[in-house]
Amino acid sequence: MADLKPLASISKPLIVRVAVLSPLRRSFDYLLPDELAKSPPQPGCRVSVPFGRRTVIGLVIELAESSDFDLDKLKPVDAIVDADPLLPKSLFKLFNWAANYYHHPIGDALFTALPVLLRTGRPLPEPRLTRLWQATKTGIENGHELLRGAKQRALLDELAADPLRIENDLLKRYSRATLNSLLEKQVAEIVFIGPQEIDVENLLRQPPLTLNPSQQQAMDTIDCHGFNSWLLDGVTGSGKTEIYLQCIEKIIRYGRQALVLIPEISLTPQTEKRFRDRFNAPLVMLHSGLTDQERLESWAQAARGEAAIVLGTRSAVFTPLKRPGIIILDEEHDQSYKQQDGFRYSARDLAVIRAKQETIPIILGSATPSLESLNNCATGRYRHLLLRARAGEAVQPHWRMVDLRAEQVECGIATSTLSAIREAVAQNQQVLVFLNRRGFAPAMLCHDCGFAVDCPNCDTRLTVHRRHQRLLCHHCNYSRRLPQCCPNCQSQRMVAAGDGTERSEGFLQSRFPDTPVLRIDRDTTRKKNAMQEMFDAVDSGEPCVLIGTQMLAKGHHFANISLVAVLDADSGLFSADFRAHERLGQLLVQVAGRSGRGKIAGSVILQTHQPDHPLLDVLIKQGYSHFANLLSEQRQLLQLPPFSQLTLIRADADRPDSAEAFLQQARQIAESIISPSPSLSYLGPLPALMERRNSRYRYLLQISGERRSDLNYLLSHLVLQLEKLPAARQVRWGIDVDPQEL
Ligand code: ADP
Ligand code: ZN
Ligand code: ZN
């Protein structure tokens, strides 16, 4: 983007450069007609413009004096939608940066990040007024004579004692009719007030905890002024959240706002509660569970500076803040920060760029930092803060391996694991059993001919779901009834092979008939509140056995779990994805971290066929940071990220040869821009790890380079040529910079 010129120096004609929702990697120029020229739209304002045969809403990127296009061919702007920019300049800069870095069309990037309701010409909502009730003079002087009912009188007394009560609070205890009767008798009235200044004097509802020495040291190091990236590397339960809270307190006192990003809100209802319990300041949420209207409302409150704290998931990194003060991104290693389709940005990496652009600090927190972030610490881009011990009374759990080859195993559970569970339950403790496979069994096989029932749309087996008597594809949602006989040899001996959470749940329940067995996975938590009800049951502290998928590994703080059993520690040891080991280590440590968070010392059982696997050994005996160091050394040796730069060009099509041919052409063009060398290499086209998904054939071209600048140069030239290829129309394609999955 060219530097903006002061308007006065721009001589006519005025060109308005606009981003619209389009797959093309460019902006579009329009003329500003005379009648709009008196108050030209500022960058960040919406305008309506003719586009093809339609009129669309676009965002003004900049005003310019000249255009690369023939002025006679430019069309005029229809109308200006916003008097003031919808997006602050700083955020605009972020979008520009992101569009350049990810080689994604800026219009698409901007519009996917805007609340749906703003993608049309709808105005930004006005600040919401709060309805407050107060007693009138008549009411105070002789209200009781005018009112009959005891409820009405009680309400009046309340209003007289304590004026300006929020209507919604009153409605929790009084009926609408009671309220209205006070209005009718004119003993009470309604007043409206706008958003209130944040009351810094009474900011805290709860006093902060007294930090332990390592927390204090971290807190003293974190500078809440100016840009700096901090990696807060602290074992689960070490008190990272307490540090976030205390940093946020500081910056609210400076009159600024905090943006807090977390991987998934539904899994961590406690996070919201901890923020609300601590601060007497407006907090808004931004996540996919909101209605369009709610999302717009939160967004607007952040933009207007009313919200002191914005708590959101990935796309909340694009929330405009009037007075940005700090960004906190928890569980920075979590994959959900990377958008996996369309505009494939990493919210973590963009958050760091944003903090830099806004000169504010950013804290990335994790018990299992990504190799990228650890490397950024090693190279001095981030500053490393360590919390080695758990805060409060809890101690680190004790790990133990169970060799699956040496034991009897039933429904995925080894005999010695079962005894350990029995022991814990007998002592009225809680147990968490982890199996990252939902459903009853991962495959349905024919006992006679070995035939496995596959998904007709994907390269994968169908999962048996016994409760629903169906086979389901976990990738495309295809579903069918359980087959009565083998589709291949008609044998009636079809068996459900392998173990999923549904099967292990049934087995555990049969072994512990008097103990509640709660299954937490996507199938059992679909209903609203189902998850919360299960969490509540666990939080009650009664003995129980929880079984579930990685949903259990995330964030939720279980105070009473004393034993964690990982049924299958091996999945991930032998994957073709170079990040698989890192993921496995993170998952195991995160699951283990659910244990012994309260007063009971926890232990962790790892069931494996590979008890001697060197990686598991390092992880268990020496801990995550040694494990991560070991993986880093391997990556460096193999020149894999973060020690090289990786980009994928992805293409999928309804025929495999279309996708492959497109990428073949892409490779040729790319090689003509920068020819292969030791510092920039090409691999592919290759089929994706799951080649066919949802009836689409997926291919990739891998480009890896030593220098980011080479890749960036290459991609910026390549994408413009790819857009023009006829073969591009037969495929869906996109660029994946810093891919997280292959
Ligand atoms: P993390 O975010 O690293 O998992 P939390 O901040 O959730 O850790 O802290 C874990 C538990 O320890 C919480 O129950 C928290 O209230 C408690 N805790 C944190 N810091 C302290 C402290 N300084 N003193 C006492 N308890 C603490
Ligand atoms: Zn068969
Ligand atoms: Zn499928």
Item to complete: Taking the options Q186, Q196, name whichever one is modelled with pLDDT of 85 or more and open to solvent by 70 Å² or more (accessible area, probe 1.4 Å).
Response: Q186
Worksheet item: In the stretch 525-558, what count of residues is obtained for those that are more than 21 Å from the chain's Cα centre (by Cα) and touching a residue at least 12 places away in the same chain (Cβ under 8 Å)?
Response: 12
Item to complete: Find the residue count for the stretch 499-523, including only residues that are within 31 Å of the chain's Cα centre (by Cα) and more than 16 Å from ligand 3 (Cβ to nearest atom).
Response: 13
Discussion item. For the list (1) open to solvent by less than 30 Å² (accessible area, probe 1.4 Å); (2) under 25 Å from L587 (Cβ atoms); (3) part of a loop (DSSP other than H, G, I, E, B), I need the number of the one condition that L232 fails.
Written reply: (3)
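To keep it simple, each residue is scored yes or no on (1) under 30 Å from D448 (Cβ atoms); (2) within 16 Å of ligand 1 (Cβ to nearest atom); (3) surrounded by fewer than 20 Cβ atoms within 10 Å (Cβ to Cβ).
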| site | (1), (2), (3) |
| --- | --- |
| R493 | yes, no, yes |
| E502 | yes, no, no |
| E505 | yes, no, no |
| R522 | no, no, yes |
Practice prompt. For residues that are acidic (D, E) and either modelled with pLDDT of 95 or more or not in a helix (DSSP H, G or I) (or both), scanning just the stretch 722-740, find the one that is nearest to F662 (Cα to Cα).
Written response: D736
Worksheet, complete the sentence: Residue hits (the stretch 438-469; within 16 Å of ligand 3 (Cβ to nearest atom) and either among the acidic types (D, E) or closer than 29 Å to P543 by Cβ (or both)) are R438, G439, D454, D459, H465
Discussion item. For P127, only one of the following conditions fails: (1) in contact with a Ser or Thr (Cβ under 9 Å, 6 or more places away or on another chain); (2) assigned to a loop (DSSP other than H, G, I, E, B). What is its number?
Written reply: (1)
Item to complete: List every residue pair whose Cβ atoms sit under 9 Å apart, with the two residues 6 or more apart in sequence or on different chains, where the first one lies in the stretch 480-491 and is of a type in the set (A, V, I, L, M) and the second, anywhere, is near ligand 2 (Cβ under 10 Å from one of its atoms).
Response: L482/M494
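For the stretch 150-176, give me the residue count where each residue is charged (D, E, K, R) and modelled with pLDDT under 85.
If we filter the stretch 150-176 for residues that are charged (D, E, K, R), which is where we start, we get 151, 153, 157-158, 162, 165, 167, 169, 172-173, 176.
Filter again for modelled with pLDDT under 85, leaving 162, 165, 167, 169, 172.
Final tally of qualifying residues: 5.
Select from the stretch 453-478 the residues that are free of Cβ contacts under 8 Å to residues at least 12 places away in the same chain and at negative phi and write down the one among them that is nearest to ligand 1 (Cβ to nearest atom). Step through it out loud before you land on a result.
Filtering the stretch 453-478 for residues free of Cβ contacts under 8 Å to residues at least 12 places away in the same chain gives 454, 468, 477.
Next, from what is left, pick out any that are at negative phi: 454, 468.
Working: D454: 41, H468: 36 Å.
By that ranking, first place goes to H468.
Go through V545, V517 for me and flag whichever is within 28 Å of L432 (Cβ to Cβ) and in contact with a Phe, Trp or Tyr (Cβ under 7 Å, 6 or more places away or on another chain).
When all the criteria are applied, what remains is V545.
Hey, does the stretch 260-269 have a residue that's farther than 22 Å from I360 by Cβ, touching an Asp or Glu at 6+ places or on another chain (Cβ under 9 Å), of a type outside the set (S, T, Y) and modelled with pLDDT under 90? Before the answer, list the steps.
Within the stretch 260-269, the subset farther than 22 Å from I360 by Cβ is 264-269.
Cutting the leftovers down to touching an Asp or Glu at 6+ places or on another chain (Cβ under 9 Å) gives us 264-265, 268.
The next check asks that each one be of a type outside the set (S, T, Y); those that pass are 264-265.
Narrowing further to those that are modelled with pLDDT under 90: 264-265.
Looking for residues that are farther than 22 Å from I360 by Cβ, touching an Asp or Glu at 6+ places or on another chain (Cβ under 9 Å), of a type outside the set (S, T, Y) and modelled with pLDDT under 90, one finds at least one in the stretch 260-269, hence yes.
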Worksheet item: Which one of these does V719 not meet: (1) modelled with pLDDT of 95 or more; (2) open to solvent by less than 40 Å² (accessible area, probe 1.4 Å)?
Response: (1)
Worksheet item: Looking at D220, D233, which is the one that is in contact with a His (Cβ under 9 Å, 6 or more places away or on another chain) and either without any contact (Cβ under 8 Å) to a residue 12 or more places away in the chain or within 27 Å of A378 (Cα to Cα) (or both)?
Response: D233
Worksheet item: In the stretch 684-707, what count of residues is obtained for those that are within 26 Å of the chain's Cα centre (by Cα) and open to solvent by 60 Å² or more (accessible area, probe 1.4 Å)?
Response: 3
Worksheet entry | Selected residue (only one of A302, A316, A389, A307 is outside any strand (DSSP E or B), buried (at least 24 other Cβ atoms within 10 Å of the Cβ), aliphatic (A, V, I, L, M) and more than 19 Å from the chain's Cα centre (by Cα)) | A307
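Let's see how each residue does on (1) of a type outside the set (D, E, K, R); (2) open to solvent by less than 50 Å² (accessible area, probe 1.4 Å):
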site: A98; (1), (2): yes, yes
site: I106; (1), (2): yes, yes
site: L110; (1), (2): yes, yes
site: T120; (1), (2): yes, no
site: R128; (1), (2): no, no
site: K137; (1), (2): no, no
site: L147; (1), (2): yes, yes
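Quick one: in the stretch 440-461, which of the residues that are acidic (D, E) and in a loop (DSSP other than H, G, I, E, B) is surrounded by the fewest Cβ atoms within 10 Å (Cβ to Cβ)? Show your work before the answer.
The initial filter retains those residues of the stretch 440-461 that are acidic (D, E), namely 448, 454, 459.
Of the ones still in play, those that are also in a loop (DSSP other than H, G, I, E, B) are 448, 459.
Numbers: D448: 14, D459: 16.
The extreme case among them is D448.
What's the total number of residues in the stretch 71-97 that are under 28 Å from P282 (Cβ atoms), of a type outside the set (S, T, N, Q) and either in the same structural domain as T359 (by TED's automatic domain parsing) or not in a loop (DSSP other than H, G, I, E, B) (or both)?
Our first condition is that a residue be under 28 Å from P282 (Cβ atoms); within the stretch 71-97, this holds for 81-95.
Narrowing the set further to residues that are of a type outside the set (S, T, N, Q) leaves 81-89, 91-95.
If we keep only those that are either in the same structural domain as T359 (by TED's automatic domain parsing) or not in a loop (DSSP other than H, G, I, E, B) (or both) too, we end up with 89, 91-95.
The number of residues fulfilling the criteria is 6.
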Practice prompt. Please specify each residue of the stretch 617-658 satisfying the condition of being of a type in the set (A, V, I, L, M, F, W, C), surrounded by 14 or more Cβ atoms within 10 Å (Cβ to Cβ) and within 22 Å of L711 (Cβ to Cβ).
Written response: L640, F643, L646, L648, I649, A651
Worksheet, complete the sentence: Requiring at least 2 residues that are touching a strand residue (DSSP E or B) at 6+ places or on another chain (Cβ under 6 Å), away from ligand 2 (no atom under 16 Å from the Cβ) and outside the structural domain of L418 (by TED's automatic domain parsing), the strands (runs of 3 or more DSSP E) wholly within the stretch 469-508 are 470-472, 479-481
Practice prompt. Given the conditions (1) away from ligand 2 (no atom under 16 Å from the Cβ); (2) open to solvent by less than 40 Å² (accessible area, probe 1.4 Å); (3) over 30 Å from the mean Cα position of the chain (by Cα), report the number of the one that V409 does not fulfil.
Written response: (2)
Practice prompt. Show the residue pairs that are 6+ apart or on different chains and have beta-carbon atoms under 6 Å apart, the first residue being within the stretch 679-703 and closer than 29 Å to Y478 by Cβ and more than 16 Å from ligand 1 (Cβ to nearest atom), the second being part of a strand (DSSP E or B) and of a type in the set (S, T, N, Q).
Written response: G684/Q702
Fill in: The one condition in (1) more than 8 Å from ligand 1 (Cβ to nearest atom); (2) in contact (Cβ under 8 Å) with a residue 40 or more places away in the chain that K240 fails to fulfil
(1)
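Regarding T210, is this residue outside any helix (DSSP H, G or I) and either over 26 Å from R323 (Cβ atoms) or more than 16 Å from ligand 3 (Cβ to nearest atom) (or both)? Even if it seems obvious, please write down each step before you answer.
Working: outside any helix (DSSP H, G or I): yes; either over 26 Å from R323 (Cβ atoms) or more than 16 Å from ligand 3 (Cβ to nearest atom) (or both): yes.
So T210 fits the description; yes.
Yes or no: L170 more than 16 Å from ligand 1 (Cβ to nearest atom) and within 30 Å of L146 (Cβ to Cβ)?
Values: more than 16 Å from ligand 1 (Cβ to nearest atom): yes; within 30 Å of L146 (Cβ to Cβ): yes.
So L170 fits the description; yes.
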Discussion item. Condition first: more than 16 Å from ligand 3 (Cβ to nearest atom), open to solvent by 10 Å² or more (accessible area, probe 1.4 Å) and on the phi > 0 side of the Ramachandran plot. Can you find one or more residues in the stretch 253-275 that meet it?
Written reply: yes
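The values are calculated or read from the model by the stated rules, or taken from the named source; none is laboratory data. What you see is a predicted model; the values in this text were computed from it and never measured. Heads up, the Cβs are rebuilt from the backbone with ideal geometry, glycines too, and the neighbour counts pull from every protein chain shown. Each accessible area value is taken on the protein alone, full model and side chains, heavy atoms only, with ligands, DNA and RNA left out. Shrake-Rupley method; radii C 1.70, N 1.55, O 1.52, S 1.80 Å.
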